[in-house]
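A short worksheet on the structure shown next.
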Amino acid sequence: MKKLLPHLLIVLSIVIFASCGKDNSSNDAVGVVPATPQSLTITADKTRIAADGVEQATFTVKDANNLDVTSTTSFLINGQEIQMNSFATSLPGSYQVKARNGALSSPVINIIAESGTAPIFTQKTIAEFFTGTWCGICPGTLIPLDDYIANNPSTIMIGIHGPKGSDDPFQYEYDPQLRSKFNVNGVPTVLLNRNGFWDGNTSKLDALASNKAPLGIGIATSISGSKIAVKTSIRFGSTITAPLKLVVMLVEDNVPYNQTNYGHFNLPNPIKGFIHHNILRSTATDIFGDSMPVAQQTKDNVWQKDFVIDAAGYQIARTRIVAFVLYDSAASSSRGVLNAQVVNAGQTENY
């Protein structure tokens with residue numbers, strides 16, 4: 001018995017140790033809190049928008065750890081996937097929105113697009129015509145555009161003359177920068193709303209004029225000597241969260257000067273005393289626009305900005321002010337002009 005006692009103690013110790021180890025393992029399994037399953041939560045900065053194709057609802061998505069994963073998430077609007085985290089529509093109704101990130105989907109939220117909620121503004125189109133008095137083929141585009149505008153003043157043509165260094169007396173200082181920015185490779189070229197080129201089909205101009213304008217532009221001007229005081233007023237029919245810019249131009253209208261012409265419309269070469277419209281002379285803003293305060297871009301709000309333009313050297317009775325609001329393409333995926341306005345210097349034009 002004495003010889004067996006040490007061996008018995010060893011066996012009992014192994015059994016007790018194993019038993020304690022098993023109990024501890026079992027207790028650990030029961031006491032462990034499983035990791036929180038991954039999930040997505042979607043929120044919108046607004047759940048009701050105007051059905052005007054402009055006012056947007058912007059979405060934010062966070063994961064279970066409250067980390068923002070919006071940039072890596074796609075979105076489904078009524079089951080149709082979009083890649084942007086914002087939504088606008090011109091069709092009234094209720095829209096179901098959910099986020100998807102890999103295999104995960106968020107709960108659905110609803111966005112209501114309401115009709116008849118925005119003021120009605122006159123829609124105007126900006127047609128920037130790149131041309132030159134030396135350009136013999138330009139009358140083939142210029143004359144039909146002039147004829148169209150004579151009966152459709154909702155299209156505002158701006159004559160941008162160049163290139164720099166030519167013998168065109170109306171050449172615009174920043175013509176090269178504009179051509180580079182908008183990929184204008186020659187003349188004649190008509191840039192519509194800074195978002196595409198005109199193919200000569202007037203139905204395209206008609207279609208642009210029929211769009212709903214999300215904002216209106218008012219211009220009040222007064223003349224003192226060679227200076228033109230300009231007050232621009234932007235009234236918002238919808239809340240616009242995308243960054244916008246304002247361009248304010250001085251143009252000179254009804255200026256006679258010979259135009260080279262290579263046989264268009266049976267007119268001579270040159271066309272003596274050809275009337276050039278809205279020649280771009282200078283801008284009160286950057287030619288690509290000055291930034292507008294996004295916080296002011298709310299429905300029914302009016303944002304105003306004043307300028308003084310020096311018209312020295314031009315016949316002030318022929319000068320006009322053109323203003324237009326466009327998307328800041330460097331800060332938004334949206335492109336183009338939202339609305340525009342034109343007024344003779346010394347006069348006022350409402351929204």
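What does the charge count around GLN296 come to, taking other residues whose C-beta lies under 12 Å from its C-beta (Lys +1, Arg +1, Asp -1, Glu -1)?
Its environment carries a net charge of +2.
Measuring from centroid to centroid over Cα atoms, what is the spacing of region 321-351 and region 138-161 in Å?
Taking the Cα centre of region 138-161 as reference, the centre of region 321-351 is 18 Å away.
Compute the angle between helix 139-151 and the longest alpha-carbon principal axis of the chain, please, reported from 0 to 90 degrees and rounded to the nearest 10.
Helix 139-151 and the main axis of the chain meet at about 90 degrees.
Considering the dipole of region 180-260 built from charges on the beta carbon (Lys and Arg +1, Asp and Glu -1) around the Cα centre, which of GLN259, THR232, PRO243 is farthest to its positive end?
Farthest towards the positive pole: PRO243.
Which FRET efficiency value, to the nearest 0.05, is calculated for LYS231 and ASN344 with the Förster distance at 22 angstrom and r the Cβ-Cβ distance?
Values: r = 15 Å, r/R0 = 0.68.
That gives a FRET efficiency of 0.90.
Expressed in nm to one decimal, what extension gain is obtained for the pair ASP206 and PHE182 from 0.36 nm per residue of sequence separation less their Cα-Cα distance?
Gain in length upon complete extension: 6.4 nm.
Distance check, please: which entries in LYS212/LYS305; LYS98/LYS299; LYS46/LYS299 exceed 18 angstrom between their Cα atoms?
LYS212/LYS305; LYS98/LYS299
Enter the accessible area per residue of region 238-313 (Å², integer; probe 1.4 Å; all protein chains in place).
In whole numbers, region 238-313 has 45 Å² accessible per residue.
Take the Cα gyration tensor of the chain, multiply each eigenvalue by 5, square-root it, and list the three semi-axes largest first, rounded to whole angstrom.
Each semi-axis is the square root of five times an eigenvalue, giving 67, 22, 19 Å.
Pop out the carbon and sulfur fraction of the accessible area of the chain as a percent, whole number, probe 1.4 Å.
53
If I fit a long axis through the Cα atoms of helix 4-31 and take the longest principal axis of the Cα atoms of the chain, what angle between them do I get, 0 to 90°, rounded to 10?
30
Would you mind pulling out the separation of the Cα centroids of region 261-275 and region 181-247, in Å?
If you average the Cα positions of each part, the centres end up 30 Å apart.
Taking one equal scatterer on every alpha-carbon of region 116-218, how large is log10 of I(q)/I(0) by Debye at q = 0.10, 0.16, 0.21, 0.25 1/Å?
Each listed q corresponds, in turn, to -0.31, -0.73, -1.10, -1.37.
Could you compute the net charge surrounding THR133? Neighbours are other residues with a C-beta less than 12 Å from the C-beta of THR133; K and R count +1, D and E count -1.
Cβ neighbours under 12 Å give a net charge of -1.
The values are calculated or read from the model by the stated rules, or taken from the named source; none is laboratory data. Just so you know, these numbers come straight off a predicted model, no measurement behind them. Every residue, glycine among them, receives a Cβ derived from its backbone with ideal geometry; neighbour counts consider all protein chains shown. Ligands, DNA and RNA are stripped out before the accessible areas are found, and what is left, the full protein with its side chains, is counted by its heavy atoms. Shrake-Rupley method; radii C 1.70, N 1.55, O 1.52, S 1.80 Å.
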